Amino acid sequence: MRDVFAALTAFGLAWSCRTAAAQPVATGTVRGVVQAAPTNVALPYAVVSIPALNIERFSGAEGQFLLPAVPAGTHELVVRRIGFVPQRQQIMMVANGTLALSISLRQVPVRLTGMTVRAAKACTSPGLPDSLQFPEVAQLVGLLRENAATYRTLVQRFPLVYAQVRALGVLEDGTMAVRTVDTLAVPAQPTVRYEPGRVVQNTRGKVVRETFMAIPSIIDLVDPAFVNNHCFTYAGASTQGNETWFRLDVRATERLRTPDVHGAFFLDSATAQLRRMELELSRPDRLPSALRSVRSVIAHSTFVEIAPGLSILQSVCAINWQKPRRGTRVSHGAELQHTLAWEFTTAPPDVERVTIRTAPRWRPATQLPGTALPCAGAEP
């Protein structure tokens, strides 16, 4: 193998010697600050990008940003921040020059007065809500997708790994009997991509064929494939501690004849941060024969802010609801996950590279009350 590698390396060197030297590209630097209008308060973790050049950076704690090595010429600069109206502007980059900018973002004015709370119904016209007919709902969808886009930027620019403690067991009569407890390392970057109507998938191993559920992640919310196959409705506001949360319901389109997901997403009214995501399997009646005993599957996730404007996964509660069977007690598969720690390869500005949190007291062969499973009250 070393000989093959050496031969390939030598070939590469020889090939590069026969190739004309690339001409250096004239570049400059863009620096500036992102602030909230009209207060001029600094906005940390705004996403500053030049999409055409695949350049993307976060602003720092004082709203400052730096884009080095920007090719000379005219480019579109895009600045986004959760809870604020994105700004786009043309910039002219001069070779070896420095362009100083001051960006002011206006907060998204979500108005609840007069907003109609609509009950979930069949999704026959999927896609983004009409911004003229349903302006407030369109704004909430925009805020939800901004959360997803910011998370995607975070894990792409600053890869991180979650250390999660996981409890597996069965739920009977409102109590979870814990079977196993383990700890696992999970990359924040999803390994499975959402495909419409392909939430339930099969893997063919050498020994057995397994069926698994590819539950969409937060990143999938910016995927056109997800948006174009779901309907969005405003489902009201609720008080959670000192916060008010907006609820946005999402339903899979009726044209999907195989299982997908419905959902509910909860956004903090003050910061527009995503606090909770509740997903439920659609069309359980269309599950493969091996899963015909399943009545429903739910997965609830919560998120925690690690810095203003930046959130990561905090916990997961999932239940595999089974159909009742005559003469037997029904046991439902249950799973709890809690983020013990996270570690960045390189941390974002002003964020600790490694953070460790207190572990929940989960033990094998013990019982957890229903209050320890926040999703248990969502039995379909």
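The values are calculated or read from the model by the stated rules, or taken from the named source; none is laboratory data. All values derive from a computational prediction rather than experimental measurement. Glycine also receives a Cβ, built like all others from the backbone with ideal geometry; neighbour counts cover every protein chain displayed. SASA here: full protein model, heavy atoms, side chains in, ligands and nucleic acids out. Shrake-Rupley method; radii C 1.70, N 1.55, O 1.52, S 1.80 Å.
Among the residues of the stretch 44-84, those identified as of a type in the set (Phe, Trp, Tyr) and either in contact with a helix residue (DSSP H, G or I) (Cβ under 9 Å, 6 or more places away or on another chain) or part of a loop (DSSP other than H, G, I, E, B) (or both) are Tyr45, Phe58, Phe84.
In the stretch 266-278, is there at least one residue being in contact with a His (Cβ under 9 Å, 6 or more places away or on another chain), aliphatic (A, V, I, L, M), farther than 20 Å from Gly83 by Cβ and surrounded by 21 or more Cβ atoms within 10 Å (Cβ to Cβ)? Let's see the steps before the verdict.
First, the residues of the stretch 266-278 that are in contact with a His (Cβ under 9 Å, 6 or more places away or on another chain): 276-278.
Next, from what is left, pick out any that are aliphatic (A, V, I, L, M): 277.
From what is left, the residues that are farther than 20 Å from Gly83 by Cβ are none.
Taking every residue of the stretch 266-278 in turn, none turns out to be in contact with a His (Cβ under 9 Å, 6 or more places away or on another chain), aliphatic (A, V, I, L, M), farther than 20 Å from Gly83 by Cβ and surrounded by 21 or more Cβ atoms within 10 Å (Cβ to Cβ).
Do we have Arg81 as touching a strand residue (DSSP E or B) at 6+ places or on another chain (Cβ under 7 Å), closer than 24 Å to Gly142 by Cα, at pLDDT 95 or above and exposed (fewer than 11 other Cβ atoms within 10 Å of the Cβ) here? Taking the combined requirement at face value, the residue does not satisfy it.
Just one of the listed residues (Val165, Val141) is in a strand (DSSP E or B) and more than 23 Å from Asn54 (Cα to Cα), and it is Val165.
Contact map, the stretch 152-174: first residue charged (D, E, K, R), second residue open to solvent by 30 Å² or more (accessible area, probe 1.4 Å) and modelled with pLDDT of 95 or more, Cβ cut-off under 6 Å, separation 6 or more or different chains; pairs are Arg166/Asp182; Arg166/Gln337.
Residues of the stretch 264-278 that are under 16 Å from Tyr151 (Cβ atoms), assigned to a strand (DSSP E or B) and in contact (Cβ under 8 Å) with a residue 40 or more places away in the chain: Phe265, Leu267, Leu274, Met277. For the stretch 118-144, a residue qualifies if it is open to solvent by 70 Å² or more (accessible area, probe 1.4 Å), under 18 Å from His262 (Cα atoms) and either touching a helix residue (DSSP H, G or I) at 6+ places or on another chain (Cβ under 8 Å) or β-branched (Val, Ile, Thr) (or both), and the qualifying residues are Thr124, Leu128.
In summary, strands (runs of 3 or more DSSP E) completely within the stretch 291-380 and bearing 2 or more residues that are in contact (Cβ under 8 Å) with a residue 40 or more places away in the chain and within 20 Å of the chain's Cα centre (by Cα) occur at 294-307, 310-322, 332-344.
Looking for whichever is at pLDDT below 95 and in a strand (DSSP E or B) here; the options are Ala237, Ala252. Which one fits?
Residue meeting the stated conditions: Ala237.
Any residue in the stretch 360-379 that is at pLDDT 95 or above, surrounded by 16 or more Cβ atoms within 10 Å (Cβ to Cβ) and either within 23 Å of Asp268 (Cβ to Cβ) or in contact with an Asp or Glu (Cβ under 7 Å, 6 or more places away or on another chain) (or both)? Scanning the stretch 360-379, I find no residue that is at pLDDT 95 or above, surrounded by 16 or more Cβ atoms within 10 Å (Cβ to Cβ) and either within 23 Å of Asp268 (Cβ to Cβ) or in contact with an Asp or Glu (Cβ under 7 Å, 6 or more places away or on another chain) (or both), so the answer is no.
For the stretch 241-254, give me each residue that is without any contact (Cβ under 8 Å) to a residue 60 or more places away in the chain and of a type outside the set (Val, Ile, Thr). If you could, list the steps in order and put the result at the bottom.
Of the residues in the stretch 241-254, the ones without any contact (Cβ under 8 Å) to a residue 60 or more places away in the chain are 241-245, 247, 250.
Selection gives Gly241, Asn242, Glu243, Trp245, Arg247.
Taking into account only those residues within the stretch 20-48 that are among the small types (Gly, Ala, Ser) and crowded, with 19+ Cβ neighbours inside 10 Å, which is farthest from the chain's Cα centre (by Cα)? Write out each step before concluding.
Of the stretch 20-48, the ones among the small types (Gly, Ala, Ser) are 20-22, 26, 28, 32, 36-37, 42, 46.
Narrowing further to those that are crowded, with 19+ Cβ neighbours inside 10 Å: 28, 32, 46.
Values: Gly28: 33, Gly32: 28, Ala46: 17 Å.
Going through the qualifying residues, I end up with Gly28.
Scanning the stretch 307-323 for residues that are touching a helix residue (DSSP H, G or I) at 6+ places or on another chain (Cβ under 8 Å) and farther than 21 Å from Asn147 by Cβ yields one hit, Ile319.
Residues checked against (1) in contact with a Lys or Arg (Cβ under 9 Å, 6 or more places away or on another chain); (2) open to solvent by less than 20 Å² (accessible area, probe 1.4 Å); (3) modelled with pLDDT under 95:
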position	(1), (2), (3)
Ala61	no, no, yes
Leu67	yes, yes, no
Gln89	no, no, no
Leu101	yes, no, no
Ser104	no, no, no
Val108	no, no, yes
Leu112	no, no, yes
